[in-house]
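The values are calculated or read from the model by the stated rules, or taken from the named source; none is laboratory data. Quick caveat, the model's predicted, so the values are computed rather than measured. Cβ placement follows ideal geometry from the backbone for every residue including glycine, while neighbour counts extend to all protein chains displayed. The accessibility values were calculated without ligands, DNA or RNA, using every heavy atom of the protein model including side chains. Shrake-Rupley method; radii C 1.70, N 1.55, O 1.52, S 1.80 Å.
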Amino acid sequence: MIAREFGEYFGIAYQLFDDYRDLFSDEKDLGKTPGQDISLGEVTLPLILLFKEYNDEELEEIELKMASLSNDERLKKLQAK
């Protein structure tokens, strides 16, 4: 039972770390192009936490603005937040 719980919590911690790195690491350190989760439309915990700061109207405006940006521009905007 303890090993299973350890594995579960370790997996969750690693996923959080990986989500953060996808937003804030450079390609050299990450080993892949940063922002891939965003470009695939995946909603990760860092984005969920960011979304909680805004109401529905503000989120709709942000979504429209982000849709007009390239993946690199989106990533830079998110990193600035």
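How far apart, in nm, are the 7 Å Cα→Cβ label points at Ile12 and Asp72?
Once both label points are built, they end up 3.8 nm from each other.
Among rounded, prolate and oblate, which fits the chain when a ≥ b ≥ c are the square roots of the eigenvalues of its C-alpha gyration tensor, a/c under 1.5 means rounded, and a/b larger than b/c means prolate? Spell out each step's value before the answer.
On the way: a/c = 3.04, a/b = 1.54, b/c = 1.97.
Here the chain falls in the oblate category.
Evaluate the distance, in nm, between pseudo-label points positioned 7 Å from the Cα of Asp56 and of Asp26 along their respective Cα→Cβ axes.
With each label placed 7 Å out from Cα toward Cβ, I get 4.3 nm.
Using the beta-carbon distance between Leu45 and Ala3 and R0 = 30 Å, what value does 1/(1 + (r/R0)^6) give for FRET efficiency, to the nearest 0.05?
0.75
Could you size up the charge dipole of the chain around its Cα centre, putting +1 on the beta carbon of Lys and Arg and -1 on that of Asp and Glu, and report it in debye to the nearest 20? Walk me through the numbers before you get to the answer.
Working: 10 positive and 19 negative charges, 63 e Å.
That gives a dipole near 300 debye.
Going from most exposed to least, what order do Lys76, Lys32, Lys65 have by accessible area with a 1.4 Å probe? Display every interim value, and only then the final one.
Numbers: Lys76 140, Lys32 65, Lys65 120 Å².
Output order, biggest surface exposure first: Lys76, Lys65, Lys32.
Please calculate how many Å² of accessible area the chain carries per residue, with a 1.4 Å probe and no DNA, RNA or ligand atoms counted.
On the way: 6390 Å² over 81 residues.
The answer is 79 Å² per residue.
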